[in-house]
Amino acid sequence: MADAVASSLRRMILTGELAPGRRVTQDELAKMLGVSTMPIREALLRLVAEGMISAAANRSFSVVSTTLDDIRDIFWTHSVLAGELTRRACEHSTDELIEVLRDAREDYLEALSAGQRERMQEANWRFHKAINSAAAAPKLLLVLRTTLRFFPDFRDDVPGWPELAGRWHRHVLDAFLQGRPDEARQAAEAHVREAGEILVAHARSLGLWSDAEAEAATGSAPR
């Protein structure tokens, strides 16, 4: 239950439903999510540790501002980890792995053309899972997964995002077919960084998150 509550609160923070600076209490959030205060408290403590919530002495909590630079930092971290996992997977590549990647890519493109969102997500998940498993680096994968907590849930609704995944599949698969681990790493890193910039541009259009440089220049409070 605490996992589900924490996930819901992260989404509400990253999509602006819980605005930066807003003070919340355990009782308020429990009513909002329809749960008891026990999982709310555990979830809030997790988000405090993650830097998304701050705790006050009066047992209230405040939403911490997330800036566009914060999002870029998260995507940069994710890109380095994803790049290294992809490089290692390419070094350990087999005919079976390449076949799984090829099938997942073809399935993704067919789903994209048909507008089948759930099928796209499943095919993309299979592509990533195959690479991460082949990398044989469980601790590195664990760190990678922690960065996913900071990714908003509306990614598939971002213009250009679905097409970007299709291009990335092709570049990575080409590197695997040619046995070029460094090119595979570069393709993965470039894909994640581009995805981050696409998401930042989308966030600006929606008025989500704040611009750290603008705040510093004007002294304004987070939006």
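We did not get these values from a lab; they are worked out from the coordinates using the rules stated. All of these numbers come straight from a predicted model, not from anything done at the bench.
At-a-glance table
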| quantity | calculated |
| --- | --- |
| Highest-fluctuation residue, W161, W76, W125 considered, GNM on the chain with Cα pairs under 10 Å | W125 |
| Cα shape, the range 101-194, gyration tensor, a/c 1.5 rule | oblate |
| Segment E118-T37, length gained on full extension (0.36 nm per residue, minus Cα span) | 25.8 nm |
| Convex hull (Cα only) mean projected area of the chain, reported in nm² to one decimal | 13.6 nm² |
| For the range 23-80: rounded, prolate or oblate by the Cα gyration tensor [a/c cutoff 1.5] | prolate |
| Axial C-alpha extent at least 24 Å, average Kyte-Doolittle at least -1.0 - helices from the chain (DSSP) | 68-91, 95-114, 161-178, 181-206 |
| Potential extension, S7-S62 segment - 0.36 nm per residue separation minus Cα distance | 18.1 nm |
| Residue among D95, D70, D107 with the largest mean-square fluctuation in a Gaussian network model of the chain, springs linking Cα atoms under 10 Å | D95 |
| Computed helical MRE - 222 nm, the chain, DSSP H runs ≥ 4 contributing -39500 (n - 2.57), nearest 500 | -23500 deg cm²/dmol |
